[in-house]
1. What is the gain in length, in nm to one decimal, between Asn15 and Asp115 on full extension, counting 0.36 nm per residue of separation less the C-alpha to C-alpha distance?
2. So, in Å, what gap is there between the alpha-carbon centers of segment 144-176 and segment 1-46?
3. Would you mind checking which residues have amide H under 5 Å from Leu164's amide H? H placed 1.01 Å from N; only 5 or more apart, or other chain.
4. Taking each full run of DSSP H in the chain as one helix, which ones are at least 27 Å long along their axis (Cα atoms) and have mean Kyte-Doolittle hydropathy of at least 1.6?
5. Diagonalise the Cα gyration tensor of segment 111-234 and give the resulting equivalent ellipsoid semi-axes, square root of 5 times each eigenvalue, largest first, whole Å.
6. Can you work out the base-10 log of I(q)/I(0) for segment 93-164 at q = 0.18, 0.21, 0.23 1/Å, using the Debye formula on its C-alpha atoms alone?
7. Work out from phi, with θ = phi - 60° and the Karplus expression 6.51 cos²θ - 1.76 cosθ + 1.60, the ³J(HN,Hα) of each residue of segment 36-42, listed in order in whole Hz, and give x for Gly and Pro.
8. Which pairs, out of Lys6/Lys53; Lys129/Lys199; Lys22/Lys129; Lys22/Lys198, put more than 22 Å between their alpha-carbon atoms?
Amino acid sequence: MKYKYKGSIIYVLENYDEISIKAAQLLAAQVNLKPNCVLGLATGSTPEGMYKKLIRKYEQNEVDFSEVTTFNLDEYYPIDPKNTQSYAYYMKEKFFSKINIQQSQTFIPDGQAEDVDKMCENYDLMINKYGGIDFQVLGIGNNGHIGFNEPNIRFESGTHLVELDNETIEANSRFFDNKKDVPILAISMGVRNIMHSKKIILLASGEHKAEAVEKMLFGDITPNLPASILQLHNDVTIILDNAAAKLIVPRL
Ligand code: PGA
């Protein structure tokens with residue numbers, strides 16, 4: 001089902017596979033329309049299916065990434081990019097090494113930066129130098145975060161160092177053998193960077209995301225639920241499975 005609600009288009013699809021297909025179609029269309037576009041990319045479980053579908057599209061000559069530039073939303077801090085838990089490793093393993101993107105055109109916040117503030121400032125400058133983000137992929141945290149912009153974030157922030165919320169640390173712990181190894185700090189693009197993107201797609205799958213999705217769309221616009229700021233963006237496509245859309249469908 002496709003709905004229009006205020007400025008957003010909302011797809012409510014059968015399952016995770018369907019949302020991955022839809023997200024990959026939209027991203028590939030963006031690259032085909034503007035081969036030298038700037039993509040903002042996300043990590044986590046949700047976009048994994050989308051990356052798999054995009055690799056397939058690339059293998060079938062349906063999309064060419066040779067002129068694309070990417071900026072990732074976030075990275076743990078401190079972390080070595082060779083660490084298998086780093087988002088640099090995730091992106092390389094799950095996407096970049098399997099398509100024809102130029103490695104020099106893929107930017108991820110440096111989890112080893114000594115001067116973090118300077119690195120963040122440079123990250124924002126680079127995004128601007130490339131003309132801003134054309135197409136930003138987002139997930140949403142159970143607590144309503146986007147990127148690692150945790151509840152009570154400043155909406156005007158650019159890329160910055162964040163202390164992860166307890167709920168996020170808990171959610172991330174599923175990727176680690178030992179809870180004490182779960183990072184407590186991260187570097188994240190800010191809400192300002194995200195809101196300046198020309199187009200945004202947000203993906204969510206599973207019942208555990210239903211409450212955050214409902215508040216994002218129908219709740220107050222508040223730093224307590226960072227994703228609620230998306231109500232003010234004029235080109236957001238939200239792609240949900242039935243479980244994540246459970247609380248909103250009756251109101252659309
Ligand atoms: P997930 O994370 O895709 O692993 O659920 C989403 C997010 O925290 O933004």
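The values are calculated or read from the model by the stated rules, or taken from the named source; none is laboratory data. Model, not experiment: these values are computed from the prediction. Note that we place each Cβ from the backbone using ideal geometry, even for glycine, and neighbour counts take in every protein chain shown. Just so you know, the surface numbers come from the protein's heavy atoms only, side chains and all, with ligands and any DNA or RNA stripped out. Shrake-Rupley method; radii C 1.70, N 1.55, O 1.52, S 1.80 Å.
1. On the way: separation 100, 0.36 × 100 = 36.00 nm, distance 4.27 nm.
Difference between extended and current length: 31.7 nm.
2. Cα centroid to Cα centroid, the span is 22 Å.
3. Under 5 Å from the amide H of Leu164 lie the amide H atoms of Leu185, Ala186, each far enough along the sequence or on another chain.
4. Numbers: long enough: none.
Qualifying helices: none.
5. Working: eigenvalues 98, 89, 29 Å².
In descending order, the three semi-axes are 22, 21, 12 Å.
6. For the requested q values the scattering log ratios are -0.96, -1.23, -1.33.
7. After applying 6.51 cos²θ - 1.76 cosθ + 1.60, I find 9, 6, 10, 9, x, 10, 10 Hz.
8. Values: Lys6/Lys53 29 Å; Lys129/Lys199 18 Å; Lys22/Lys129 30 Å; Lys22/Lys198 19 Å.
Result: Lys6/Lys53; Lys22/Lys129 exceed 22 Å.
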